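The values are calculated or read from the model by the stated rules, or taken from the named source; none is laboratory data. As the structure is a computational prediction, the values presented were derived from the model and not from experiment. A quick note on method: Cβ atoms are made from the backbone with ideal geometry, for glycine too, and the neighbour counts reach across all protein chains shown.
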Amino acid sequence: MADPLHFVHISDTHLGHKRDWAALGNNPFRNLLQVLEAIDSLPTRPRFIIHTGDVANHDTEVAYELAAEAFSQVAIPMYFVTGNHDTRDYMRKHLSMGPREDVLSDSDLNCYRFSIEGERFLVLDSKQPYDDAGHFGKVTEGQLDFVRTEVGLHNGSLTVFIHHSPLDIDSRWYSKYVGMLNGSELHEALLPARDRLRGVFFGHVHRGTHIHKDGISYISVGSTFCQLNYWPDEQKVNFDEKHPPCFNFVTLHADRTIVKEHTVAPNE
């Protein structure tokens, strides 16, 4: 690969049904525009931007039309992960992505892979129907088999993108209401590749997080919309309303992975 290779990680834009929809003192559409402007102005050009889910907050097509409008202003390839708030059909209709290979084409899942100069990237879909699992995530057995096959057949570096954290994040509220139902199974499927796994990058938690287990790094990025706290003994959601929008700038060297968080001050 070209050493280094750079990409940007964003998540949880939570766009609403109109441009001026606001919540928790933030306007998600305006925040996203400012984050994208900051990314577009970076002195080092990333090869792609990965959005790890919850493009929309409302189950309305307008939110994805607004997303397409915003992302079209940045000439950097985009990739998207399905979040628990997202509608797959609207994502497919409105959100353009870079070159990729869809897998599990006989399902409705947004599961695919792509490669850039020898670096392999896997995108998994952990969205569950609300009437079955609420905000919890789960990867299907078919996706676990896909991961096991990739781990077994591909000898180079791997990077995984998913919406939910496969591991607990030390929060009673998270574990009780919004975690991942079979994250341990995904972790076990990835273990044989631990020495060449760049990391598992996720969203959903609205907080920059780094978990290290069995030689595997799990890394999240703060939301462009609003942040959450996740103190260990919390029993309900706790918003950090003063934290600014975030994105992570990721550098892949041949021998290491570097993640840098950046914040963008929203306009009043």
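Here are some notes:
- Selection from the stretch 83-96 of residues that are surrounded by 18 or more Cβ atoms within 10 Å (Cβ to Cβ) and out of contact with any helix residue (DSSP H, G or I) (no Cβ under 7 Å at 6 or more places or on another chain): 83, 84, 85, 86, 87
- Only strands (runs of 3 or more DSSP E) whose full extent lies in the stretch 1-92 are considered here, and the ones with at least 2 residues that are modelled with pLDDT of 95 or more and among the β-branched types (Val, Ile, Thr) are 5-10, 48-51.
- Only residues that are within 23 Å of residue 74 (Cα to Cα), aliphatic (A, V, I, L, M) and surrounded by fewer than 19 Cβ atoms within 10 Å (Cβ to Cβ) were counted across the stretch 98-133, and they come to 1.
- Qualifying positions in the stretch 1-46 - surrounded by fewer than 16 Cβ atoms within 10 Å (Cβ to Cβ), hydroxyl-bearing (Ser, Thr, Tyr) and either touching a Cys at 6+ places or on another chain (Cβ under 9 Å) or over 22 Å from residue 254 (Cβ atoms) (or both): 41
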